[in-house]
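Undergrad: The structure follows.
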Amino acid sequence: MTSTLYILPRSPRSKCLVAMCKHLKLDINIVDHSIDSEKFSNLFPLEKTPALIQDDGFQLTEFISIANYFLTISDDRNYSGKNLKDHAQVLRWLSFINHDMIGACSDYIFKSPTPELREKAVQSVDKILTYVDTRLSKFSYIAVDYPTMADDYLCILLEFIPVVTPFTMDKYEHISKWLVEFKKENTADNTLA
């Protein structure tokens, strides 16, 4: 069965799903939604990425549902958590990254036209990054004691944040250290390359 994943290439959500396809060795056709925007618009009237369609007509939107589908069709159980409790932690962190972290960054970028709102957004991003930094001071990986897709997503987002906000990861000692180590581990299998 042919599957096509429509993405927005610069989006952390899309980048994570592409990395996931590589890691899980899924045979998914990856397409920049803007290449064939008319077809994409006809298939997905809300024009939101990521979006998945299969040749049998099955469609799926929303990052977490697509990620969960990929995990379900894969043979690699470690990437999503070795047991139910680990899987719940992976989903917890995916949700946190997808909602809280991306939401705070989006508020900074799109919803802070005044200095007061901008300062509130800066404080929100800082609070979230401090929370993640504290977590990484106690654990080698974000969700459980081995790397999962939550770590891939976190890495992708942490590299994206300095591109779209004034934040650098230098202030966050454990995030900075974790990023270096995690990228070393994962560049070898080209998951995040």
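The values are calculated or read from the model by the stated rules, or taken from the named source; none is laboratory data. Note that the structure is a prediction, hence the values are computed from the model and not measured. Cβ: placed from backbone, ideal geometry, glycine included. Neighbour counts: every protein chain shown. Surface areas here come from the heavy atoms of the whole protein model, side chains and all, with no ligands, DNA or RNA. Shrake-Rupley method; radii C 1.70, N 1.55, O 1.52, S 1.80 Å.
Undergrad: If you roll a 1.4 angstrom probe over the protein chains with everything in place, what fraction of the accessible area of the chain belongs to carbon and sulfur, to the nearest %?
TA: Taking all protein chains in place, the chain shows 53 percent carbon and sulfur surface.
Undergrad: While we're looking at this one, here's another question. Treating cross-link reach as a plain straight distance, find the lysines whose alpha-carbon is under 22 Å from the alpha-carbon of Lys127, omitting any fewer than eight places away in the same chain.
TA: Excluding near neighbours in sequence, the set is Lys111, Lys138, Lys171, Lys177.
Undergrad: Counting heavy atoms of the protein chains only and a 1.4 Å probe, report the per residue accessible area for the stretch 103-193 as a whole number of Å².
TA: Per-residue accessible area for the stretch 103-193 comes out at 54 Å².
Undergrad: Under Stokes-Einstein, with the Kirkwood radius over Cα pairs standing in for Rh, what whole-number D in µm²/s applies to the chain at 37 °C and 0.692 mPa s?
TA: So the translational diffusion coefficient is about 187 µm²/s.
Undergrad: Gaussian network model of the chain, Cα springs within a sub-10 Å range: biggest mean-square fluctuation belongs to which of Thr114, Thr130, Thr72?
TA: Thr114
Undergrad: Net charge near Lys39, counting Lys/Arg +1 and Asp/Glu -1 over other residues with Cβ under 13 Å of its Cβ?
TA: Summing Lys and Arg as +1 and Asp and Glu as -1 gives -4.
Undergrad: What FRET efficiency, computed as 1/(1 + (r/R0)^6) with R0 = 30 Å and r the Cβ-Cβ distance, is obtained for Glu173 and Asp76, rounded to the nearest 0.05?
TA: About 0.40, to the nearest 0.05.
Undergrad: Taking only the C-alpha atoms, wrap a convex hull around the stretch 1-105 and report its volume per residue in Å³ as a whole number.
TA: 100
Undergrad: For the chain, set up a Gaussian network in which alpha carbons nearer than 10 Å are linked by springs, and say which option among Leu71, Leu60, Leu94 fluctuates the most.
TA: Per the Cα network of the chain with a 10 Å cutoff, Leu60 tops the list.
Undergrad: Less than 11 Å Cβ to Cβ from Tyr6, Lys/Arg counted +1 and Asp/Glu -1: what total charge do the surrounding residues give?
TA: Computed value for this residue: -1.
Undergrad: Could you go through the stretch 43-52 in sequence order and give the Karplus-derived ³J(HN,Hα) for each residue, using 6.51 cos²θ - 1.76 cosθ + 1.60 with θ = phi - 60°, rounded to whole Hz, and x for Gly and Pro?
TA: With coefficients 6.51, -1.76 and 1.60, one gets 6, 10, x, 6, 6, 9, 10, x, 8, 10 Hz.
Undergrad: Sticking with this structure for a sec: Only Cα pairs within less than 10 Å get springs; with that Gaussian network setup on the chain, which residue of Val90, Val122, Val180 has the largest fluctuation?
TA: Maximum among the listed residues: Val180.
Undergrad: What Kirkwood Rh does the stretch 101-142 have if only Cα atoms enter the pairwise 1/r average? Answer in Å.
TA: 10.9
Undergrad: What nm distance separates the two modelled labels at Asn42 and Ser106, each placed 7 Å from Cα along Cα→Cβ?
TA: In this crude label model, Asn42 to Ser106 measures out at 2.9 nm.
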